[in-house]
Each structure stands twice: as C-alpha cells, then as structure tokens.
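The values are calculated or read from the model by the stated rules, or taken from the named source; none is laboratory data. This one's a predicted model, so the numbers in the text were calculated from it and none came from an experiment. Counting neighbours? That spans all protein chains shown, and the Cβs are built from the backbone with ideal geometry, glycine included.
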Amino acid sequence: MTTAEEIKNRAREIMAQDLPEDYDPSISDDDPLIVEGGVDSLGFISVLTKLEVEFGAHVPDEEWWEAQSLNALAEVILRNQQS
C-alpha cells in the first residue's frame, strides 16, 4: 500500500529532476507549490500526471487544483488510486 510519504518523496524527486532551476527543496509539506515551491502551472501538471502514472491514480480535472501543497497532492493521489 502506498503511503503519503512515498508520494511526497517521489514528487520532490520529480520536481528536482524536471524543474531544477525553479524547485526550492526547502519547501515544507504545507507550502504552496506554485508560489513558494517555484513550480509553475505547467510544471505542476507534469508532476501530477507523472505521479498519477506511477501510483496508478486518476485525478479528475476538477480536483487538480486541490493539490496545492505536497500534503494535498499526496492526499489527492491516494484518494484517486485505482483498485
């Protein structure tokens, strides 16, 4: 079973790899990714879709913007994992 910590750690890895010049590794799990984390909207969509694939989730479009922080992102992925 996937944990929120696994999702948050993987999200950090993806951001560090895909957005190295923008990503701030010192952000907390509750900081807004798009503002304080240095992730723009396209970067956010890229991270979210990669997490969906890796963790077998399908997050409906209307729920994407609920995932403003690492904690919220992990929650959305967990809630929408496919059985």
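The table below lists the values:
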| item | result |
| --- | --- |
| Only one of VAL59, VAL39 that is hydrophobic (A, V, I, L, M, F, W, C), assigned to a loop (DSSP other than H, G, I, E, B), at pLDDT below 90 and surrounded by 18 or more Cβ atoms within 10 Å (Cβ to Cβ) | VAL39 |
| Filter pass, ILE7 being in a loop (DSSP other than H, G, I, E, B) and touching a residue at least 24 places away in the same chain (Cβ under 8 Å) | no |
| Residue match in the range 49-57 (condition: acidic (Asp, Glu) and in contact with a helix residue (DSSP H, G or I) (Cβ under 9 Å, 6 or more places away or on another chain)) | yes |
| Residue in the range 1-18 that is surrounded by 16 or more Cβ atoms within 10 Å (Cβ to Cβ), farther than 14 Å from VAL76 by Cβ and modelled with pLDDT under 90 present | no |
| Qualifying positions in the range 62-79 - touching a helix residue (DSSP H, G or I) at 6+ places or on another chain (Cβ under 7 Å) and assigned to a loop (DSSP other than H, G, I, E, B) | ALA67 |
| SER46 vs. criteria hydroxyl-bearing (Ser, Thr, Tyr) and crowded, with 16+ Cβ neighbours inside 10 Å | yes |
